[in-house]
Amino acid sequence: MKKEELKQYCKLKKEIGYLQGRLDRLYRKDIPVVAGKVQASERSYPCIRKHVSVQMYEPVANDKLNEAIAILEERQRRCSEKMLEVERYIDRIEDSELRQIFEMRYIEGMKLREIAEQMNLELSGIGKKITSYLQVSNNSKKSVL
């Protein structure tokens, strides 16, 4: 996985929140109710067809709303999948210290200085560990392919 993909995690989390806000507004949106007619039949024999008036949401507005909701829900699902990929990648890091560094950096969005203070490590060492692991990880993937 590349550093740019890992950095997307926090942005994806924000995007999911933004999309959820938009979805919440769409779920609350009022659609006009109109009168419509449907065909029905008597329950008993002989089944005679008749037209019945019903109240329904305005079809065009309802279809547009449902399409907008479907698009946003799909975007939200794709964002969640990408976040899960990052979490799985970090979870596969065997070294505990390095895994914590990756979690703090890419999942929690902490700065290198904050990570160094919290883990009681040298600031320059944090960046080197991340870069080194990513290079080894990406090179081992290429050699397998």
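Looking at (1) more than 21 Å from the chain's Cα centre (by Cα); (2) among the β-branched types (Val, Ile, Thr); (3) open to solvent by less than 60 Å² (accessible area, probe 1.4 Å), which is the only condition residue 107 fails? Failed condition: (1). For residue 89, the test of being open to solvent by 100 Å² or more (accessible area, probe 1.4 Å), among the hydroxyl-bearing types (Ser, Thr, Tyr) and outside any strand (DSSP E or B) is failed.
Name the residues in region 92-117 that are assigned to a loop (DSSP other than H, G, I, E, B) and of a type in the set (Lys, Arg), would you? Walk me through how you get there before you give the answer.
As a first pass, look at region 92-117 and keep what is assigned to a loop (DSSP other than H, G, I, E, B): 92-95, 108-111.
If the condition is that a residue be assigned to a loop (DSSP other than H, G, I, E, B) and of a type in the set (Lys, Arg), then 92, 111 are the ones that fit.
Which of the residues that make up region 70-86 are open to solvent by 20 Å² or more (accessible area, probe 1.4 Å) and more than 23 Å from residue 134 (Cα to Cα)? Correct list: 70, 71, 73, 74, 75, 76, 77, 78.
The residues of region 10-55 that are open to solvent by less than 100 Å² (accessible area, probe 1.4 Å), part of a helix (DSSP H, G or I) and not charged (D, E, K, R), listed by number, are 10, 12, 16, 17, 19, 20, 21, 23, 26. Within region 11-31, residues that are among the aliphatic types (A, V, I, L, M) reach partners that are open to solvent by 100 Å² or more (accessible area, probe 1.4 Å) with beta carbons closer than 6 Å, at six or more positions or on different chains, in the pairs 12/82; 31/57. Taking the conditions exactly as written (surrounded by fewer than 15 Cβ atoms within 10 Å (Cβ to Cβ) and at pLDDT below 95), does residue 58 satisfy them or not? Against the criterion (surrounded by fewer than 15 Cβ atoms within 10 Å (Cβ to Cβ) and at pLDDT below 95), residue 58 qualifies.
The values are calculated or read from the model by the stated rules, or taken from the named source; none is laboratory data. It should be emphasised that the depicted structure is a prediction, and the values quoted were computed from it without experimental measurement. With ideal geometry, Cβ positions are generated from the backbone for all residues, glycine too; neighbour counts draw on all protein chains shown. Note: accessible area is taken over every heavy atom of the protein model, side chains too, but ligands, DNA and RNA are not part of it. Shrake-Rupley method; radii C 1.70, N 1.55, O 1.52, S 1.80 Å.
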